[in-house]
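For reference, the structure discussed in these notes is given below.
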Amino acid sequence: MSRNWKRLILVGLAVPNVLSGCWAVFAPADWYEDFPGWSPRLVSALPPFNEHLAADAGAGLLATGLLVLIAGLYLRRDMTIIATVGYLAFSLPHAVFHLRHPGDGMSTAENALNVTALWLAVVLAGIVLIDELRRRADS
């Protein structure tokens, strides 16, 4: 995989987490009610609201996003491995949860689109991680 593709994937994974994380940390009730900012509302589809949980989730999104963003900017092997493992530690259980628990306030199509997007992020992070692990083994 080229460095440009790797950078594009990592930054593309990072930016939504950084933005969503900041939103949830600084305005947890608004994030809960309105995320992602258009219909369907993904977080509020699984009530109830808990300010502490929403702010903590936001902090996790922000931390994960910043790690992946830094890895995407520097593209150092060690940083990329650590960041993608951390990203997968969050995004894989997140994708599994949504696969097993469709949002009551969402249609079947909306749930399918949400789950597809979450699994795409897992696959992309996994591809970057595997590429980094293989690159070292091949050299």
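Here, each number is a calculation from the coordinates, and none is a lab measurement. Computed from a prediction, not measured in an experiment: that's the story for all the values here. When we count neighbours, we look across all protein chains shown, and the Cβ atoms used for this are built from the backbone with ideal geometry, even at glycine.
Counting neighbouring beta carbons within 10 Å and listing from fewest to most, the residues His94, His52 come out as His52, His94. Counting every other Cβ atom within 10 Å of each residue's Cβ, Ser107, Ser44, Ser2 order from fewest to most as Ser2, Ser107, Ser44.
Based on the alpha carbons, how large is the Rg to Rh ratio for the chain when Rh follows Kirkwood? In the chain, Rg relative to Rh is 1.01. Seen from Asp104, the other residues with C-beta closer than 12 Å to its C-beta sum to a net charge of 0, counting Lys and Arg as +1 and Asp and Glu as -1.
Placing +1 on the Cβ of every Lys and Arg and -1 on the Cβ of every Asp and Glu, with nothing else charged, gives segment 1-90 a dipole about its Cα centre of roughly 660 debye.
Going by a ≥ b ≥ c, the root eigenvalues of the Cα gyration tensor, does segment 88-139 fall in the rounded group (a/c under 1.5), the prolate group (a/b larger than b/c) or the oblate group? The shape class here is prolate.
Paramagnetic label reach from Arg134 (point 7 Å along Cα→Cβ; backbone nitrogen cut-off under 16 Å): within segment 60-102, residues 81. Extension gain for Ser44-Arg76 works out to 7.8 nm (0.36 nm per residue, less the C-alpha to C-alpha distance). Calculated mean residue ellipticity at 222 nm for the chain: -27500 deg cm²/dmol, from DSSP H runs with n ≥ 4 weighted as -39500 (n - 2.57), summed, divided by the residue count and rounded to 500.
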